[in-house]
Protein chains: 2
Amino acid sequence: MRLAAVADPTGRTTAAVLEDGTWRSLPAPDLSTLLRTTPVAHLARLAGGVVEDATPVLPLPTPTKVVCCGLNYGDHIRETGRELPAHPTLFAKYADTLVGPADDIELPRGVDVDWEAELAVVVGAEIRGGDESQARAAIAGYTVANDISIRDWQYRTLQWFQGKAWDRSTPIGPVLVTPDEVDPAAGSTITCRVDGEEVQRASTRTLVFDAAALVAYISTFTVLRPGDIVLTGTPGGVGVARDPQRFLGDGDVVETQIEGIGLLRNTIRLTDH
Amino acid sequence: MRLAAVADPTGRTTAAVLEDGTWRSLPAPDLSTLLRTTPVAHLARLAGGVVEDATPVLPLPTPTKVVCCGLNYGDHIRETGRELPAHPTLFAKYADTLVGPADDIELPRGVDVDWEAELAVVVGAEIRGGDESQARAAIAGYTVANDISIRDWQYRTLQWFQGKAWDRSTPIGPVLVTPDEVDPAAGSTITCRVDGEEVQRASTRTLVFDAAALVAYISTFTVLRPGDIVLTGTPGGVGVARDPQRFLGDGDVVETQIEGIGLLRNTIRLTDH
């Protein structure tokens, strides 16, 4: 099943499910609301009328938690000569950080803006203290995100949060794909392109902590609820690690894609205020 | 003005204001809801009936953001020989982390539980991109918190989040005191006691980044809304920095107090699951 929040040409938005190439409405304005009120297994039979000329928008505008993992791609960690980590490196974002799959990303001129293509895991059932099997059962599905990072703020102090939590800087979407249709642990290709040039490519098979492992680990200390999001980390190829370093400029188009899930296309807009 | 969420003997909770030593109800179940719907300046004239035998409970159960500052007491930083920081070290919690001013704090046996007495700033008006003057005007008031930290998890990786975000581990309250009644920048004594023994004592005057500076800085990258909380960091004297290290055990009573604001009294309960 492929789910999204879609806008029609009048700007009205609704949760929707893709059937035979057309979007059919579901009874909620977006997937945050839908997942809080309806188990994923019940969704198919709720499909309503066709939404004509539907455009996917921010699917999950109101998660209670967006927990992010860093340093999680084995191939990239090994190529830097580091040991594989024993525990996931976690930090937090808030719902305000998210932005839609085709939205512009507005940031102030003068900061160091970098890309981080990531697989996003969406929680479908409340889980606390779950093991990996329970975590797997609690996953509603997968979508695409880019953990756009303000590197100079990220490294002002030891804690990354202030470089990671800028409002409307993390694009996510366009569709939530249920686990029966995609299995990132089996290997999906994730890529990032800047103005058409590929800057990241990896397989989600090489995640050190996969989706179920992350959900289980986080649920040890905090409850995860339907609509909450776990970002799984980015592979090698980010701008700050290049020689010379490369950051995003005004007008740059960032495309983030995961095979079998979908594509984000966001333009960076640097403004004077 | 002194505000709280209070429970009556039947367990019903309401927002309330203290007048002449008695709590009078306000039209909301708690201060999160109250601040989202009503400017602080309008509250006094909304006071309703007296709540008999009122007991303060968690005042702010549903903030959208709880942003925390580390390494922020100048006397402690100087005594460790470090330079004063140019930027605040920030990390995030979620609403689920909060617990009431007299609640037990349940954690699993075997983790390293430490105390961190902190001044908490409560936002009263939406602010984004504000300067310090605008930030000062956006502060609803001050309360007391203890950023109880799971040190072994905090230091598993470089990012502190997983040691700071355990559900129901950060007590906060009991009252929100408006800025006309208390000015932490002028100096309020903050103390922490464990089973009656004082383990932390400092003046909020020695904060490197005071309440208005923190709110302004955070508002550079993310909007703060009524009911959001900023924790301002803890002074010296935490257990992990002692020689030998000292952590909290089952049944330990942690008292956290700020002169002119109030007192938290929480018992640590370590459980087998």
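The values are calculated or read from the model by the stated rules, or taken from the named source; none is laboratory data. Note that the structure is predicted; figures quoted are calculated from it, not measured. Reconstructed Cβ throughout: ideal geometry from the backbone, glycine too, with neighbour counts over all protein chains shown. Accessible surface is based on the protein model in full, side chains and every heavy atom, while ligands, DNA and RNA are left aside. Shrake-Rupley method; radii C 1.70, N 1.55, O 1.52, S 1.80 Å.
Of the accessible area of the protein assembly as shown, computed with a 1.4 Å probe over protein heavy atoms only, carbon and sulfur atoms account for 48 percent. Could you compute how fast the stretch B:66-271 diffuses translationally, taking Rh as the Kirkwood radius over C-alpha pairs and applying Stokes-Einstein at 4 °C with viscosity 1.567 mPa s? Give it in µm² per second. Roughly 77 µm²/s, to the nearest whole number.
Among B:Gly11, B:Gly236, B:Gly187, the largest mean-square fluctuation in a Gaussian network model of chain B (Cα springs under 10 Å) belongs to B:Gly11. Taking every alpha-carbon pair under 8 Å whose residues sit at least 6 apart, chain A reaches a relative contact order of 25 percent.
Rounded to the nearest Å, what's the spacing between the alpha carbon centres of the stretch B:143-190 and the stretch A:1-34? Just the number, please. About 40 Å separates the Cα centre of the stretch B:143-190 from the one of the stretch A:1-34. Shown in residue order for the stretch A:29-42 are the 3J(HN,Hα) couplings computed by the Karplus curve 6.51 cos²θ - 1.76 cosθ + 1.60 at θ = phi - 60°: x, 6, 6, 4, 5, 4, 5, 5, 10, 9, x, 4, 4, 8 Hz (x for Gly and Pro).
Between A:Pro179, A:Pro29, A:Pro244, the Gaussian network model of chain A with springs among Cα atoms under 10 angstrom shows the greatest mean-square fluctuation at A:Pro244. Sorted from shortest to longest, the distances between the A:Ala86 label points of this copy and the other copies are 3.5 nm, with each point 7 Å from Cα along the line through the beta carbon. Residues of the stretch A:85-108 that bury at least 30 Å² of accessible area when the other protein chains are present, relative to the chain alone (probe 1.4 Å, heavy atoms, ligands and nucleic acids excluded): A:His87, A:Thr89, A:Leu90, A:Ala92, A:Tyr94, A:Asp96. With respect to the axis relating copies A and B by rotation, the chain A residue whose beta carbon is closest, plus that distance in Å, is A:Ala92, 2. Computed with a 1.4 angstrom probe on protein heavy atoms, the A-B interface buries about 2900 square angstrom of accessible area in total. Calculated on the Cα set of the stretch B:2-57, radius of gyration then Dmax: 10.1, 30 Å. Residues of the stretch B:207-249 whose accessible area (probe 1.4 Å, heavy atoms of protein chains only) drops by at least 10 Å² once all protein chains are present, relative to their chain alone: B:Tyr217, B:Thr220, B:Phe221, B:Thr222, B:Val223, B:Arg225.
Looking at the stretch B:2-57, the accessible area is 50 square angstrom per residue; that uses a 1.4 Å probe and ignores ligands, DNA and RNA.
Computed per residue of chain A from DSSP H runs no shorter than four, each worth -39500 (n - 2.57), the mean residue ellipticity at 222 nm is -3000 deg cm²/dmol. Relative to one another, the C-alpha centroids of the stretch B:66-93 and the stretch A:74-119 are positioned 24 Å apart. Inter-copy label distances for B:Glu126: 2.9 nm (label point placed 7 Å from Cα along Cα→Cβ; shortest first). A:Arg36 sits among other residues whose Cβ lies under 11 Å from its own Cβ, and their net charge, with Lys and Arg +1 and Asp and Glu -1, is -2.
If R₀ is 51 angstrom, what is the calculated FRET efficiency for the pair A:Asp250 and A:Gln134, using the beta carbon separation as r and rounding to 0.05? The calculated FRET efficiency here is 0.65. In nanometres and ascending order, the distances from the B:Gln245 label point to those of the other copies are 3.3 (point 7 Å from Cα along Cα→Cβ).
Given a 1.4 Å probe and the protein chains as shown, A:Ile127 ends up with an accessible area of around 10 Å². The alpha-carbon positions of the stretch A:100-206 define a convex hull whose volume is 146 Å³ per residue.
Need the per-residue list for the stretch A:133-177: every residue with at least 40 Å² less accessible surface in the complex of protein chains than in the chain by itself, probe 1.4 Å, sorted by number. The answer is A:Trp153, A:Arg156, A:Thr157, A:Gln159, A:Phe161, A:Gln162, A:Trp166, A:Asp167. Neighbours of B:Gly237 by Cβ distance under 12 Å: Lys/Arg scored +1, Asp/Glu scored -1, total -2. Using a Gaussian network model of chain B in which every pair of alpha carbons under 10 angstrom is joined by a spring, one finds that among B:Asp53, B:Asp104, B:Asp228 the greatest mean-square fluctuation is at B:Asp53.
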